[in-house]
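Down below is the structure, laid out as structure tokens.
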Amino acid sequence: MSGTTSEEEYSYRARNARKCLAQSDRLLFPALELAFVFHVIAHAPREVIAHEIIPVGALEDLGLSLLSSGKEREMERKTLQARSGY
């Protein structure tokens, strides 16, 4: 990089600064922010994003939760394996 920042980089940094100030000087999903910067989200499986990058405690603080827990996913996987005939 040449030392100058593009308009896109400037707007991204400004948006993150506003979010940080609005969230009591911290980013709610810092790993997700980094994943966005490095284009990881486009290449990561949905389960990795949901279970590794997004902290469950932060979702609960917002009154949100993931659609399926580990036990539910395991039961669904076993059901699909039983139906597959393999």
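FYI, it's all coordinate maths here, none of it is from the lab. Predicted model only: the values in this text are computed from it and were never measured. Using ideal geometry, Cβ is built from the backbone for each residue, glycine included, and neighbour counts are taken over all protein chains shown.
Net charge around Leu32, counting only other residues with Cβ within less than 14 Å of its Cβ (Lys, Arg = +1; Asp, Glu = -1)? Before the final figure, lay out the partial values.
Details: positive: Arg15, Lys19, Arg26, Arg46; negative: Glu33, Glu52.
After counting each charged neighbour, the total is +2.
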- Net charge contributed by nearby residues that have their C-beta within less than 13 Å of Pro55 (K/R +1, D/E -1): -3
